[in-house]
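Chemist: One structure coming up, written as structure tokens, with questions to follow.
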């Protein structure tokens, strides 16, 4: 017979599993959603879609090492290693070595306006446990030939021991890539021509987690022992004219923007650059951001099981809301204006459930067509709240 103390520990865990993601609300435009891909056991976070409709996904190494770090979803819906098998066969050794030429922990993938795929390797496996030598890198893959055009490596000055390069946007006209560091909190700017890297806004409140606890799926998002997860600058979006970068810390309710010209201007002091950051006010807690050609900014609203659109005037509305949006994560724009996003179930992962994965069905990539979709408007105060669950 189990010891009484063991039972006292097990019962709350069982209850937590039963209440893994409670969602009680009126859905909004659920028929607009369709499943683009699903994975029974592999936790998907990143998604990217090419101009011809090819879909790429990433599976980070957080708990068990994934079968593939990066995959292309084939015509049958199955993931195939990309760009090849070798890049997806890291041996797991943390002393460098194979990490230089293989994926360690890929958080996100992104397709640029040239139809190149960018793969961002955090180099930090097992849920932000620390960067390993040779791990952090950014790959530029030419989709026309399925070959790696360039690989950019980040040294210890560019990426700190507890950095976590989360998301990336690329401006080929100016020749720069912009990345968020969710571990330390910063905007990392890469000059694609000379490969120089600058860490910016590292001491600015805009890149830092706020003192909040998110309310996701009907419960507070906490790690064991009631520790509050703090995830810094995360979602990132580039305006259609590439003049403005939008970003937000994951554990926050505030959206920020800064001129990309200012980010590229090495003559600006830390104080002068900080003065150019714009606080755009209350915003849903978001893991992903994307902006369409009309200047609408989309948020994956974690606490609402929803996608929220912010129009160019700053008015926010809920476009879709549905229990299938179990921690909506990363966005991708499709060739016909569709919006793809992952439902990654992060709050149900082992690090937040005493090492047990509380997976709720298959991990999914969902999509919808935002054109002509309408939903209830949100005041800034409502948008920054946890929703009614």
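The values are calculated or read from the model by the stated rules, or taken from the named source; none is laboratory data. Just so it is clear, the structure is predicted and the values come from calculations on it, not from any experiment. We place every Cβ from the backbone using ideal geometry, glycine too, and count neighbours over all the protein chains shown.
Chemist: Looking at the range 354-374 only, could you name the residues that are in contact with a strand residue (DSSP E or B) (Cβ under 8 Å, 6 or more places away or on another chain) and within 22 Å of residue 22 (Cβ to Cβ)? Lay out the reasoning, then the answer.
Modeler: From the range 354-374, those in contact with a strand residue (DSSP E or B) (Cβ under 8 Å, 6 or more places away or on another chain) are 362-370, 373-374; that's our starting set.
If the condition is that a residue be in contact with a strand residue (DSSP E or B) (Cβ under 8 Å, 6 or more places away or on another chain) and within 22 Å of residue 22 (Cβ to Cβ), then 362, 363, 364, 366 are the ones that fit.
Chemist: Does residue 273 fit the bill of being more than 25 Å from residue 339 (Cα to Cα) and in contact with a strand residue (DSSP E or B) (Cβ under 7 Å, 6 or more places away or on another chain)? Break it down stepwise before answering.
Modeler: Working: more than 25 Å from residue 339 (Cα to Cα): yes; in contact with a strand residue (DSSP E or B) (Cβ under 7 Å, 6 or more places away or on another chain): yes.
So residue 273 fits the description; yes.
Chemist: Out of all the residues in the range 331-358, which are surrounded by fewer than 20 Cβ atoms within 10 Å (Cβ to Cβ) and either modelled with pLDDT of 95 or more or within 26 Å of residue 313 (Cα to Cα) (or both)?
Modeler: Listed by number, the residues that qualify are 333, 334, 335, 336, 337, 338.
Chemist: Limited to the range 202-228, what total is found for residues that are modelled with pLDDT under 95, farther than 17 Å from residue 384 by Cβ and either more than 20 Å from the chain's Cα centre (by Cα) or surrounded by 17 or more Cβ atoms within 10 Å (Cβ to Cβ) (or both)?
Modeler: 8
Chemist: In the range 80-104, what count of residues is obtained for those that are out of contact with any helix residue (DSSP H, G or I) (no Cβ under 9 Å at 6 or more places or on another chain), part of a loop (DSSP other than H, G, I, E, B) and under 23 Å from residue 130 (Cα atoms)? Before the answer, list the steps.
Modeler: Taking the range 80-104 and keeping what is out of contact with any helix residue (DSSP H, G or I) (no Cβ under 9 Å at 6 or more places or on another chain), we get 80, 83-88, 95-100.
Remaining after also requiring part of a loop (DSSP other than H, G, I, E, B): 83-85, 95-96.
Narrowing the set further to residues that are under 23 Å from residue 130 (Cα atoms) leaves 95-96.
Here the count works out to 2.
Chemist: Looking at (1) more than 21 Å from residue 307 (Cα to Cα); (2) within 19 Å of the chain's Cα centre (by Cα), which is the only condition residue 237 fails?
Modeler: Just one mismatch for residue 237, condition (1).
Chemist: Among the residues of the range 194-201, is any on the phi < 0 side of the Ramachandran plot, assigned to a loop (DSSP other than H, G, I, E, B) and either more than 21 Å from the chain's Cα centre (by Cα) or surrounded by fewer than 19 Cβ atoms within 10 Å (Cβ to Cβ) (or both)? Spell out the reasoning first.
Modeler: Going residue by residue through the range 194-201, those that are on the phi < 0 side of the Ramachandran plot are 194, 196-200.
Keeping just the survivors that are assigned to a loop (DSSP other than H, G, I, E, B) gives 194, 196.
In the following step, the residues that additionally are either more than 21 Å from the chain's Cα centre (by Cα) or surrounded by fewer than 19 Cβ atoms within 10 Å (Cβ to Cβ) (or both) were identified as 194, 196.
Yes: the range 194-201 contains one or more residues that are on the phi < 0 side of the Ramachandran plot, assigned to a loop (DSSP other than H, G, I, E, B) and either more than 21 Å from the chain's Cα centre (by Cα) or surrounded by fewer than 19 Cβ atoms within 10 Å (Cβ to Cβ) (or both).
Chemist: Is it fair to say residue 71 is over 20 Å from residue 334 (Cα atoms) and crowded, with 22+ Cβ neighbours inside 10 Å? Can you show your working first?
Modeler: On the way: over 20 Å from residue 334 (Cα atoms): no; crowded, with 22+ Cβ neighbours inside 10 Å: yes.
Criteria not met by residue 71.
Chemist: Only residues that are in a loop (DSSP other than H, G, I, E, B) and crowded, with 21+ Cβ neighbours inside 10 Å: list them for the range 159-179, please. Even if it seems obvious, please write down each step before you answer.
Modeler: Pass one, the range 159-179, residues in a loop (DSSP other than H, G, I, E, B): 159-164, 172-175.
159, 163, 164 - these are the residues of the range 159-179 that are in a loop (DSSP other than H, G, I, E, B) and crowded, with 21+ Cβ neighbours inside 10 Å.
Chemist: Give the range 43-64 a look and list any residue that's surrounded by fewer than 17 Cβ atoms within 10 Å (Cβ to Cβ) and at negative phi, or say none.
Modeler: Correct list: 51, 52, 63, 64.
Chemist: Determine which member of the set 361, 375 is touching a residue at least 40 places away in the same chain (Cβ under 8 Å), assigned to a loop (DSSP other than H, G, I, E, B) and either out of contact with any helix residue (DSSP H, G or I) (no Cβ under 8 Å at 6 or more places or on another chain) or surrounded by 17 or more Cβ atoms within 10 Å (Cβ to Cβ) (or both). Show your work before the answer.
Modeler: Values: 361 fails: touching a residue at least 40 places away in the same chain (Cβ under 8 Å).
Only one candidate qualifies: 375.
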